[in-house]
1. Does the range 13-20 contain at least one residue that is modelled with pLDDT under 85 and assigned to a helix (DSSP H, G or I)?
2. Return yes or no: is K25 among the basic types (K, R), in contact with an Asp or Glu (Cβ under 8 Å, 6 or more places away or on another chain) and closer than 29 Å to I123 by Cβ?
3. Which residue out of E95, E24 is at pLDDT below 85, within 30 Å of V7 (Cα to Cα) and more than 19 Å from the chain's Cα centre (by Cα)?
4. Quick check on D143: is it of a type in the set (D, E, K, R), at pLDDT 85 or above and touching an Asp or Glu at 6+ places or on another chain (Cβ under 7 Å)?
5. Being over 16 Å from the mean Cα position of the chain (by Cα) and within 30 Å of T9 (Cβ to Cβ), is that true of even one residue in the range 44-67?
6. Look at the range 42-78 and say how many of its residues are more than 28 Å from L122 (Cα to Cα) and free of Cβ contacts under 8 Å to residues at least 12 places away in the same chain.
7. So, in the range 63-78, exactly how many residues are surrounded by fewer than 12 Cβ atoms within 10 Å (Cβ to Cβ) and either in contact with a helix residue (DSSP H, G or I) (Cβ under 9 Å, 6 or more places away or on another chain) or in a loop (DSSP other than H, G, I, E, B) (or both)?
8. Restricting attention to the range 102-122, and to residues there that are part of a helix (DSSP H, G or I) and more than 15 Å from the chain's Cα centre (by Cα), which single residue is modelled with the highest pLDDT?
Amino acid sequence: MRFPGNVVTEIDTRSGEGGKGRPEKCFYCSGKTGQAHDHDCVVLHRPVKIRMTLDMIVAAPREWSENELNDYWNNAICLDQFMDEIWRYATDEPEGGMCLCNIARVEYLRDADIGEAIVHGLIPDSEEDGVALGEEGPEDYDDVCNDCREKEAEADKPN
């Protein structure tokens, strides 16, 4: 993820490994290697808040009412448990053409600040922090988030 102030690197030139770029300038703007990208270069990003809505087919207990299902999904479980289902759609499994584009809509809500981007893992706040969002696969997701794990631990404590 690249934010304003970044300089043109060899990766931005797309000149390596048979790329069509030139090693002395950015493939997307006129910025020269080692100098700043043009202010409107597509390589530069800003953190934004979005809303993603997914329409999926999942298994649910046969006898539960709409209210019971909504209560269960929104109050009783960690929604990270849906990551495997989302990943199944995203990776076209089983064969036959499923894709998130067929089930999802994305809406821009507002620009986010750098602090929000750090908190949500979009950019690391130090060199020791992990990878940027989007570089993880389903095996890297736990089926319970830290907030939900803390709630479970609190609920398990004796009174």
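1. yes
2. Here the answer is no, as K25 does not meet what is asked.
3. Sole residue among the options that is at pLDDT below 85, within 30 Å of V7 (Cα to Cα) and more than 19 Å from the chain's Cα centre (by Cα): E24.
4. Against the criterion (of a type in the set (D, E, K, R), at pLDDT 85 or above and touching an Asp or Glu at 6+ places or on another chain (Cβ under 7 Å)), D143 does not qualify.
5. Looking through the range 44-67, at least one residue is over 16 Å from the mean Cα position of the chain (by Cα) and within 30 Å of T9 (Cβ to Cβ).
6. The qualifying residues number 15.
7. Number satisfying all stated conditions: 2.
8. If we take residues in the range 102-122 being part of a helix (DSSP H, G or I) and more than 15 Å from the chain's Cα centre (by Cα), then G115 is modelled with the highest pLDDT.
The values are calculated or read from the model by the stated rules, or taken from the named source; none is laboratory data. This structure is a prediction, so every number in the text was calculated from the model and none was measured. Here the Cβ is made from the backbone with ideal geometry for all residues, glycine too, and neighbour counts use every protein chain on show.
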